[in-house]
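Note sheet for the following structure.
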Amino acid sequence: MKKALVIVVAVVVAALSWFAYLSSDADKRDQQAAEVPLITVMEILHASDLQAGVKTAVKEKNTQAIEQWLEQAVNVGEAANLSQQDLDYLKSETAKDYVVFNAKRQLYNEAFEARYYSLEEVESLKQQYPEAKDLFLRTDALIEKRDAIIRQIATTLSGSDVINEGALDEAKQQWREQAQRLDQ
């Protein structure tokens, strides 16, 4: 009988120990989950309001405004419980360079679109925004397609395969008018 009692006590102690371990493990997991940030550094740096603010600051060449936007990014990071390493990154020149780089690419895209529809040159734009150099081939291809469409319109207007200057000017005017209608 004593052996049975010892075995029952041993089983009860083992069961209680197992439940204590599970409870402790669950508590650790809950604490770790609470420490996980709600947002990542990249989500902060790609937030639409931060990107728009930095883009405006870059356009206006206002370095102080860029710094203020990055300070707000750090504040968001602190509120989201980012690690010290992530907060240090948000405070770094690398983060500043990153958001400025992205802003310049956005500015290139906007300026290119305006020039594309208004039939203006883009070479000076490429010099102004070298950060977008990986987009240059694509934008050149778009310009070639646009010019081919304008030549097709001019060919139709001229009524022959030979495009005269008047038909080309009329085709360009139709292109601009269509672009304005799309913009409205």
Original post:
Per residue, how much accessible area does region 33-95 have with a 1.4 Å probe, in Å²?
Top reply: 63
Original post:
What pairs from Lys59/Lys91; Lys96/Lys145; Lys61/Lys96 go past 25 Å between their alpha carbons?
Top reply: Lys96/Lys145
Subject >> Accessible area in square angstrom per residue, region 117-184, 1.4 angstrom probe >> reply: 71
Subject >> Calculated FRET efficiency for the pair Tyr116/Ala65, C-beta based, R₀ 25 Å, to 0.05 >> reply: 0.30
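How much net charge surrounds Ser118 when only other residues with a Cβ under 14 Å from its Cβ are counted (Lys, Arg +1; Asp, Glu -1)?
Around Ser118, the surrounding residues sum to -2.
The values are calculated or read from the model by the stated rules, or taken from the named source; none is laboratory data. Treat the numbers as computed from the prediction; the structure is a model and nothing was measured. A quick note on method: Cβ atoms are made from the backbone with ideal geometry, for glycine too, and the neighbour counts reach across all protein chains shown. In case anyone asks, the SASA skips ligands and DNA or RNA and just uses the protein heavy atoms, side chains included. Shrake-Rupley method; radii C 1.70, N 1.55, O 1.52, S 1.80 Å.
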